[in-house]
Amino acid sequence: MKWFKPEKGFGFVELANGTGDAFLHINALQSAGHESVPPGASLKVIVSQGAKGQQVARVLEVDTSTAQARPPRPAFGDGPRPARRAPDPSTAVEMTGKVKWFDEVKGFGFVASNDGGKDVFVHISVLGPSGVQRLAEGQAVTMRVVDTPKGREAISLSVG
């Protein structure tokens, strides 16, 4: 077994005959009475040709005695996001602008500043403490802005 992610419902088996890997769907695994298989486990399978290559049609046996002792390293993006670093408020300057766009699902948006400089990043965490419920495209705002390594960012904001 190369790897299997039960939360995604699939994984890949490295074939012993040297012909590469075969896709393993959770249905084939569940038909053999298993919900997951650890990396390094030995499987006896029947392989068929699927639309995108070789895939396991049936799992005949699962031997976990050959499995790796420790779990594999997490893949990029599997871990929690680091906390956002708070910008230094002592360097903030006040400016006005109009909301370019704001996506509540993504949790951020941008304001085109009236000073003609680069757009200002607005994180959703700024809205609540500023007493703002939501931002709409074209809405006039006044904000306190700091420079960060990634560009300008609002640390507080008011509408109107």
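The values are calculated or read from the model by the stated rules, or taken from the named source; none is laboratory data. The shown structure was predicted, so the numbers you read here are calculated from the model rather than taken from an experiment. Cβ sites come from the backbone with ideal geometry, for glycine too, and all protein chains shown count toward neighbours.
Among the residues of this structure, G40 counts as one that is at pLDDT 85 or above, under 30 Å from M1 (Cβ atoms) and assigned to a loop (DSSP other than H, G, I, E, B).
Residues in the range 114-133 that are in a loop (DSSP other than H, G, I, E, B) and under 15 Å from K100 (Cβ atoms): N114, D115, G116, G117, K118, D119.
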